[in-house]
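Just below is one structure, and these are the notes that go with it.
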Amino acid sequence: MTALPDASQSTTVALVTLGCARNEVDSEELAGRLEAGGFRLVDDPEDAETVVVNTCGFVEAAKKDSVDTQLAAADLKNTGGTRAVVAVGCLAERYGKDLADSLPEADAVLGFDDYPDISDRLRAIVAGERHQPHTPQDRRRLLPIAPSERSADAVVVPGHTIAAPDLDPAAAPASGPRAVRRRLDGGPMAPLKLASGCDRRCSFCAIPSFRGSFVSRRPSDVLGEARWLAERGVQELFLVSENSTSYGKDLGDLRLLETLLPELAAVDGVERVRLSYLQPAETRPGLVTTLASTPGVAAYYDLSFQHASASVLRRMRRFGDPDSFLGLVEQIRTQAPAAGIRSNVIVGFPGETEDDLRTLCDFLVAARMDVVGVFGYSDEDGTEAATYDGKLDEDEVRERAEHVSRLVEELTSQRAEERVGEEVVVLVESTDDEVVGRAEHQGPEVDGSTYLLDSTADVGDLVPAVVVGADGADLVARERR
């Protein structure tokens with residue numbers, strides 16, 4: 001094993017993570033690489049000589065948040081001991097040199113290809129060397145068109161298991177390919193990557209261009225990392241990817257997920273496995289059944305509907321209509337009446353008519369989902385939809401989004417009220433002011449929480465309880481004794 005750098009040469013680094021759970025995994029990969037490279041990780045950017053901001057490049061609001069965070073970190077160079085501020089992540093990969101030119105406050109903009117050498121890159125930047133940012137490219141072109149011919153070994157795919165024989169054994173699984181990862185959050189839930197990239201060509205989405213083509217992680221790598229996480233106190237595995245329903249298609253078995261989920265649930269120490277981001281058109285009856293009936297796997301369906309009007313969905317280059325979507329919802333609730341169902345929708349898409357909007361609203365009323373994220377449409381650089389005619393003006397998009405958001409707020413509250421009297425099992429995540437956690441139907445951060453009354457439970461406890469009240473998407477429950 002290669003010796004780690006002398007501790008006397010170490011420098012402090014803080015990672016600031018924005019965006020989704022996939023970015024959280026990427027940050028923990030970077031943390032593992034930096035720690036293995038001799039850096040000392042600190043929680044507070046004010047205490048760090050180097051601040052690494054893992055940016056989000058999804059929509060305009062996320063981009064602005066990423067830039068604002070970068071600027072705030074850069075201010076630390078004037079007020080404290082911070083010597084360098086570096087941008088990584090989706091925004092950095094997507095815009096590269098253009099971002100560096102428009103954000104001179106950042107000392108460097110690093111792309112995904114820099115991740116394997118992140119320690120050397122940061123040491124050079126702190127030493128005053130100027131890093132030449134990359135020119136963005138369509139990362140889908142880095143892998144073969146045929147899924148069966150792809151390999152994550154051929155390109156840098158953030159968050160995937162990588163053979164790293166020079167790592168400290170305490171930082172990764174002891175046998176097999178090692179996950180370059182260092183936990184930054186000690187909570188009882190951790191995201192775990194199933195795959196990266198996406199082969200779909202949704203007309204509104206730029207993610208495949210900078211995340212690349214779809215690549216599954218091998219089941220042995222996913223299981224190995226799951227065991228490693230469980231050994232560190234993780235009780236809920238949150239499986240993430242850009243499109244989980246495609247898992248295994250490049251490994252020769254599109255039903256591999258139905259086999260993998262029970263194996264993950266059987267990992268010693270894991271109490272709950274949660275799957276995210278399902279494409280409705282790819283959600284197979286067998287997968288619905290596996291999620292509904294496998295002990296230890298949450299009956300939780302994160303379905304990316306995006307709209308309900310068949311004509312709008314066709315312009316989005318997606319598939320579906322109210323009847324097929326409601327049929328899927330019925331199939332789920334027939335097998336798991338208490339299942340959690342969530343989705344996201346885009347309002348004000350080019351060409352969306354008043355009839356299309358009514359179709360969406362009627363679908364939302366009929367579906368009675370637990371949570372729905374509502375996004376007003378905006379053009380994204382490099383997407384097909386940005387070239388469409390029939391654009392609605394910004395005020396109309398905002399009004400439609402507000403209308404749907406009000407409807408969703410009412411429906412979400414009604415759905416939560418329907419759960420009063422249900423028995424739930426709550427994974428406790430905080431005891432600071434109140435005992436708060438999540439029931440099986442509630443995903444991390446976006447689906448509401450459950451507040452336990454008169455509870456003495458600790459973080460990490462799984463508490464059987466009965467729902468006695470609701471406030472929006474949040475539930476109030478009392479322990480079963």
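The values are calculated or read from the model by the stated rules, or taken from the named source; none is laboratory data. Note that the coordinates shown come from a computational prediction; the quantities given were computed from them, not determined experimentally. All Cβ positions, glycine included, derive from the backbone under ideal geometry; neighbour counts span all protein chains shown. When the accessible area is computed, the model is the full protein with side chains, heavy atoms only, and any ligands, DNA or RNA have been set aside. Shrake-Rupley method; radii C 1.70, N 1.55, O 1.52, S 1.80 Å.
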(request) Could you tell me which residue of region 240-283 is most open to solvent (accessible area, probe 1.4 Å), considering only residues that are among the acidic types (Asp, Glu) and under 24 Å from PRO144 (Cα atoms)? (result) ASP253
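How many residues are open to solvent by 10 Å² or more (accessible area, probe 1.4 Å), of a type outside the set (Asp, Glu) and touching a residue at least 12 places away in the same chain (Cβ under 8 Å) if we restrict to region 40-72? Break it down stepwise before answering.
Just the residues of region 40-72 that are open to solvent by 10 Å² or more (accessible area, probe 1.4 Å), to begin with: 40-47, 49, 56, 58-65, 67-69, 71-72.
Okay, now just the ones that are also of a type outside the set (Asp, Glu), so 40-42, 45, 56, 58-59, 61-64, 67, 69, 71-72.
Adding the requirement that they be touching a residue at least 12 places away in the same chain (Cβ under 8 Å) leaves 40-42, 45, 56, 58-59, 62-63, 67, 69, 71.
Number satisfying all stated conditions: 12.
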(message) Quick check on my filter: what residues within region 436-480 are hydrophobic (A, V, I, L, M, F, W, C), touching a helix residue (DSSP H, G or I) at 6+ places or on another chain (Cβ under 9 Å) and modelled with pLDDT of 95 or more?
(response) VAL467, ALA470, LEU475
(message) Taking the conditions exactly as written (at pLDDT below 90 and of a type in the set (Gly, Ala, Ser)), does ALA73 satisfy them or not?
(response) yes
(message) Take ALA281 and tell me if it is small (Gly, Ala, Ser) and under 19 Å from ASN23 (Cα atoms).
(response) no
(request) Give just the number: which of (1) open to solvent by 10 Å² or more (accessible area, probe 1.4 Å); (2) under 19 Å from ALA339 (Cβ atoms) does GLY469 not satisfy? (result) (2)
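Within region 364-384, is there a residue that is in a helix (DSSP H, G or I) and either on the phi > 0 side of the Ramachandran plot or touching a strand residue (DSSP E or B) at 6+ places or on another chain (Cβ under 8 Å) (or both)?
Taking region 364-384 as the starting set, the residues that turn out to be in a helix (DSSP H, G or I) are 364-367.
Filter once more, keeping what is either on the phi > 0 side of the Ramachandran plot or touching a strand residue (DSSP E or B) at 6+ places or on another chain (Cβ under 8 Å) (or both): 364, 367.
Yes, some residue in region 364-384 is in a helix (DSSP H, G or I) and either on the phi > 0 side of the Ramachandran plot or touching a strand residue (DSSP E or B) at 6+ places or on another chain (Cβ under 8 Å) (or both).
Which of the following residues is of a type outside the set (Gly, Ala, Ser) and modelled with pLDDT under 95: ASP362, ASP370, ASP355, ASP381?
Selected residue: ASP381, the only one of ASP362, ASP370, ASP355, ASP381 that is of a type outside the set (Gly, Ala, Ser) and modelled with pLDDT under 95.
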(message) For a quick check of your reading of the model, give me the residue pairs whose first member lies in region 225-238 and is farther than 16 Å from PRO444 by Cβ and part of a helix (DSSP H, G or I), whose second is open to solvent by less than 20 Å² (accessible area, probe 1.4 Å) and β-branched (Val, Ile, Thr), with beta-carbon atoms closer than 8 Å and at least 6 apart or on different chains.
(response) ALA226/VAL267; ALA226/VAL270; ARG227/VAL267; ALA230/VAL267; ALA230/VAL270
(message) Looking at GLU231 and the list (1) over 20 Å from the mean Cα position of the chain (by Cα); (2) closer than 25 Å to ASP153 by Cβ; (3) surrounded by fewer than 18 Cβ atoms within 10 Å (Cβ to Cβ), which single condition is not satisfied?
(response) (2)
(message) Yes or no: region 305-324 includes at least one residue that is part of a strand (DSSP E or B) and modelled with pLDDT of 95 or more.
(response) yes
(request) Taking only region 76-109 into account, find how many residues are open to solvent by 20 Å² or more (accessible area, probe 1.4 Å), among the hydrophobic types (A, V, I, L, M, F, W, C) and in contact with a Gly (Cβ under 9 Å, 6 or more places away or on another chain). (result) 0
(message) Going through THR450, THR383, THR387 one at a time, which residue ends up being open to solvent by less than 20 Å² (accessible area, probe 1.4 Å), over 30 Å from SER293 (Cα atoms) and among the hydroxyl-bearing types (Ser, Thr, Tyr)?
(response) THR383
(message) Going by what's in this entry, would ASP120 be described as in contact (Cβ under 8 Å) with a residue 40 or more places away in the chain and surrounded by fewer than 21 Cβ atoms within 10 Å (Cβ to Cβ)?
(response) yes
